[in-house]
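Undergrad: Encoded as structure tokens, here's the structure I'll be asking about.
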Amino acid sequence: MGFIKQMNAKAKHLGMSDTHFEDPHGLGNNVSTARDLLKLSHVAMKNPTFQQYVSTNRHPIAIRSTKGIVRNVTWNNTNKLLSQPYFDGIKTGHSNPANGCLLLSGTYNNKR
């Protein structure tokens, strides 16, 4: 099964009835709702690796080519809300079709 088919199958499994993916990066003809993305975020934030990446301001990494050449890169998270109390991810963004986008996670009084 192709990756996009897997994404759509997972969305269906999660009850994301108003979501349809056509590409993995989100810049094409993907369709979703805030309610469906909330369902996805609840599951995603239970994954420690996902949670670490979306809550990290900077992430340095060494990329090694097939020829053994190493390039050091730092990914900078543009989510300025990470510097505020209680917030720990998930994404901010903007595109012309969607305008401003925000999917936010946080913890307050030990409740996510």
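Every read-out reported here was derived from the displayed coordinates using simple, explicitly stated rules and does not represent laboratory data. In this text, all values refer to a predicted model and were calculated from it rather than measured experimentally. When we count neighbours, we look across all protein chains shown, and the Cβ atoms used for this are built from the backbone with ideal geometry, even at glycine.
Undergrad: Once the Cα gyration tensor of region 1-99 is found, what semi-axes does its equivalent ellipsoid get, as square roots of 5 times the eigenvalues, in whole Å, sorted largest first?
TA: The three semi-axes for region 1-99 are 26, 20, 14 Å.
Undergrad: Ok, one more. Please work out how much length the chain gains when fully extended from Leu38 to His20, using 0.36 nm per residue of separation minus the C-alpha to C-alpha distance, in nm with one decimal.
TA: Once the chain is fully extended between Leu38 and His20, it gains 5.0 nm.
Undergrad: Work through the residues other than Ser105 whose Cβ is under 12 Å from its Cβ and net out their charges, Lys, Arg +1 and Asp, Glu -1.
TA: +3
Undergrad: Excluding Asp18 itself, what net charge comes from residues whose Cβ is under 13 Å from its Cβ, given Lys and Arg +1 and Asp and Glu -1? Please list the in-between numbers first.
TA: Working: positive: Lys12, Arg35, Lys39; negative: Asp36.
Charge balance near Asp18 sits at +2.
Undergrad: Would you list, by chain and number, the lysines whose Cα falls below 19 Å from the Cα of Lys91, excluding same-chain residues fewer than 8 positions away?
TA: Filter leaves Lys39, Lys46, Lys80.
Undergrad: Could you work out [θ]222 nm for the chain from helices alone, using -39500 (n - 2.57) per DSSP H run of at least four and dividing by all its residues? Round to the nearest 500 deg cm²/dmol.
TA: -8000 deg cm²/dmol
Undergrad: In a shell of Cβ-Cβ distance under 11 Å around Asn79, excluding Asn79 itself, what net charge do Lys and Arg (+1) and Asp and Glu (-1) give?
TA: Summing Lys and Arg as +1 and Asp and Glu as -1 gives +1.
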